[in-house]
Amino acid sequence: MKYQHKQIAKSKLKSRALKDKAIRVLVVLLSVVTISPIVLIIFKLIEKGYKQISLDFILKTPPNSYEAMTALANGELIPGGIANGITGTLLMMVVAAVMAIPVGVVTGIYLYENPGKFMANLTRNISDILQGVPSIVLGLIAYIWVVKGITNGYSALAGSVSLAIMMLPMIVRSTEETLKMIPVTIKEAALALGVPYYKVILKVLIPTGFSGLLTGILLGISRVLGETAPLMLTALGSTIINLNITKPTSAVPLLIWEFYNDPNMVGLIWSSSLLLMAIVLSLNLISKQIAARTK
Amino acid sequence: MNDNIKQIKDPVLSIRNLSVSYDKGKYAVKDVSVDIKRNSVTAIMGPSGCGKSTLLRAINRMHELYENIETTGTLILNGKDIKNMPTIQLRRMAGMVFQRPNPFPTMSIYDNVIAGYKLNGISLKRSEKDEIVERSLRDVTLWDEVKDTLYKKGTFLSGGQQQRLCIARALAFDPEVILLDEPTSALDPIATAKIEDLLVTLKENYTIILVTHNMSQAARISDYSLFMYLGELVEYGKTNDMFTKPRDRRTEEYLTGKFG
């Protein structure tokens with residue numbers, strides 16, 4: 001009898017080992033499915049876009065449709081680049097960050113300091129809802145507030161406002177989460193030295209959580225970097241390099257949309273997308289690096 | 001409770017009828033009166049939730065961080081009522097060390113020691129800083145171990161070294177009393193022994209008040225002991241007396257391990 005029992009146990013073990021193997025393979029397969037889109041995207045962008053990438057592509061503005069057509073007819077690369085888009089994206093990002101970071105960080109500190117309070121919960125929930133507002137709606141709002149209300153016309157400022165509103169909830173959340181990760185004992189240590197509350201926040205909590213804050217901000221920026229819809233209603237676009245925030249301004253995603261709509265320029269969409277993707281990816285990698293280094 | 005007041009000549013700290021309640025009517029500390037002797041080690045003992053940490057934190061008013069706290073009674077530290085003292089002044093006089101070592105992770109060892117000056121915006125000359133850092137680190141017997149790595153982050157030290165660094169940070173202000181809230185409960189036995197030796201030597205220049213869960217620790221290093229139960233001060237006296245012939249039945253039961 002005893003012998004038989006052992007036999008059964010052995011066969012069971014075998015089937016278990018088999019199941020174990022099957023599930024392992026499945027897990028690996030599904031992981032491959034998860035990472036394959038990004039690999040395929042990058043592969044496609046490089047394949048179709050690398051020919052157009054050159055120094056000119058970064059330093060020059062786009063050709064007009066006729067120039068592009070002539071180049072195509074002669075079998076040449078489309079001349080010019082997307083300098084107006086790159087500078088516009090940078091300009092709007094900087095202005096949006098300048099608006100969103102102070103407000104977001106201060107709100108995050110407020111939420112961290114007042115857990116469970118009614119106003120804090122309300123703020124947190126509203127901030128979460130804001131994160132779900134469609135970007136085109138934020139574009140419309142910025143259109144009414146800024147394009148109609150302040151700059152009297154399409155402007156980089158209006159674009160920045162819509163992007164800043166998009167960034168805000170991400171910065172709020174990441175600030176709160178970062179501060180929550182700091183042990184209370186660090187705060188107590190500072191308070192036990194008689195340090196006033198505002199200095200504890202400014203000189204202890206923020207420096208301690210600095211890398212976390214930076215990571216959140218960089219992720220927030222990279223998230224809105226490729227936004228197109230709100231910019232159509234606010235920044236509009238421009239064929240020249242513009243650094244005046246009250247004037248219409250181009251942006252890389254806007255240019256991609258414009259190129260797509262012009263049969264002569266459509267050859268530029270891949271290289272522009274490749275550049276945009278490279279910026280977003282490097283921002284992501286940088287923030288991952290910062291986060292990893294401080295753990 | 002009045003029979004528990006031991007009148008001591010020139011006490012460094014004199015607590016009278018101290019009560020701390022929270023959420024309206026729940027007492028963490030109930031009518032405690034006690035004098036703390038200068039240059040001694042006083043241990044506060046008692047089971048979890050007996051109010052010993054709250055009592056300790058009431059001394060430098062750190063308990064005010066909790067919400068809905070109400071405090072009555074007086075605490076006289078070095079002849080001055082602490083109630084209206086600016087917190088910076090009070091906490092310079094009553095330095096605190098916590099359960100878990102908590103050096104500031106962004107600061108070097110050097111900056112950690114003078115963190116109290118730095119964070120409060122008190123400017124010192126370079127030579128004064130150097131002097132304070134060296135004196136404080138020597139006091140906690142850490143100087144020889146870290147003098148070559150003063151500008152490295154304090155968090156690279158071992159747990160016991162970190163805790164001594166935190167004591168040095170409190171000593172940098174040259175306080176009257178040092179309040180320690182179970183300072184060795186997160187440390188290994190060797191590090192614990194070092195801290196205990198240190199506390200015994202430090203009492204030459206400072207007064208030490210120590211909350212401890214560990215009765216043998218209290219027996220080893222304290223001169224006086226307070227036994228608290230349910231927020232009340234049950235017994236106060238020389239540690240030797242309390243451990244050999246406790247006057248209160250509850251003290252005896254706690255010390256013999258019947259509860260705790």
Can you find even one residue in the stretch B:53-75 that is part of a loop (DSSP other than H, G, I, E, B) and more than 26 Å from residue A:198 (Cβ to Cβ)? no
Checked against (1) within 14 Å of chain B (Cβ to nearest Cβ); (2) open to solvent by 10 Å² or more (accessible area, probe 1.4 Å); (3) part of a loop (DSSP other than H, G, I, E, B), residue A:152 satisfies every condition except (1)
Being in a helix (DSSP H, G or I), open to solvent by less than 10 Å² (accessible area, probe 1.4 Å) and among the small types (Gly, Ala, Ser) is the filter here, so list the residues in the stretch A:165-204 that pass it. A:189, A:190
Mind listing just one residue for me: the one in the stretch B:151-208 that is assigned to a helix (DSSP H, G or I) and of a type in the set (Lys, Arg) and, of those, nearest to the other protein chains (Cβ to nearest Cβ)? B:169
Pick from the stretch B:81-95, criterion open to solvent by less than 10 Å² (accessible area, probe 1.4 Å) and part of a strand (DSSP E or B), ranking: nearest to the other protein chains (Cβ to nearest Cβ): B:95
Would you check which residues across the stretch A:247-268 are modelled with pLDDT under 95 and of a type in the set (Val, Ile, Thr) and list them? A:266
For the stretch A:207-249: of the residues being free of Cβ contacts under 8 Å to residues at least 40 places away in the same chain and not in a loop (DSSP other than H, G, I, E, B), which is most open to solvent (accessible area, probe 1.4 Å)? A:210
Answer yes if at least one residue in the stretch A:59-67 is assigned to a helix (DSSP H, G or I), of a type in the set (Asp, Glu) and touching a Pro at 6+ places or on another chain (Cβ under 7 Å), and no otherwise. yes
Among residues of the stretch A:128-170 being aromatic (Phe, Trp, Tyr) and touching a Leu at 6+ places or on another chain (Cβ under 7 Å), the residue farthest from residue A:242 (Cα to Cα) is A:143
Of everything in the stretch B:96-113, what is under 14 Å from residue B:163 (Cα atoms) and in a helix (DSSP H, G or I)? Give them in sequence order. B:109, B:112, B:113
Taking the stretch B:142-160, which residues are of a type in the set (S, T, N, Q) and within 16 Å of residue B:111 (Cβ to Cβ)? B:149, B:155
Conditions: (1) in a helix (DSSP H, G or I); (2) open to solvent by less than 50 Å² (accessible area, probe 1.4 Å); (3) within 14 Å of chain B (Cβ to nearest Cβ). Residue A:158 meets all but one. Number of the miss? (3)
(1) more than 30 Å from residue A:271 (Cα to Cα); (2) modelled with pLDDT under 90: which one isn't true of residue A:30, the others all being true? (2)
Please state which one of B:123, B:108, B:127 is within 14 Å of chain A (Cβ to nearest Cβ) and either surrounded by fewer than 19 Cβ atoms within 10 Å (Cβ to Cβ) or touching a Leu at 6+ places or on another chain (Cβ under 6 Å) (or both). B:108
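So that you can scan it fast, the table gives a plain yes or no per residue for (1) in contact with a Pro (Cβ under 7 Å, 6 or more places away or on another chain); (2) open to solvent by 10 Å² or more (accessible area, probe 1.4 Å):
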position: B:131; (1), (2): no, yes
position: B:143; (1), (2): no, yes
position: B:166; (1), (2): yes, no
position: B:175; (1), (2): no, no
position: B:191; (1), (2): no, yes
For the stretch A:256-267, check the following and say yes or no: at least one residue is surrounded by 19 or more Cβ atoms within 10 Å (Cβ to Cβ), aromatic (Phe, Trp, Tyr) and either away from every other protein chain (no Cβ under 14 Å) or over 23 Å from residue A:135 (Cβ atoms) (or both). yes
Kindly indicate whether any position in the stretch B:57-74 is touching a residue at least 40 places away in the same chain (Cβ under 8 Å) and at the interface with chain A (Cβ under 8 Å from one of its Cβ atoms). yes
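The values are calculated or read from the model by the stated rules, or taken from the named source; none is laboratory data. Given the structure is predicted, the values throughout are model-derived calculations rather than measurements. Every residue, glycine as well, gets a Cβ built from its backbone with ideal geometry; the counts of neighbours run over all protein chains shown. Side chains included, ligands, DNA and RNA excluded: accessible areas come from the protein's heavy atoms. Shrake-Rupley method; radii C 1.70, N 1.55, O 1.52, S 1.80 Å.
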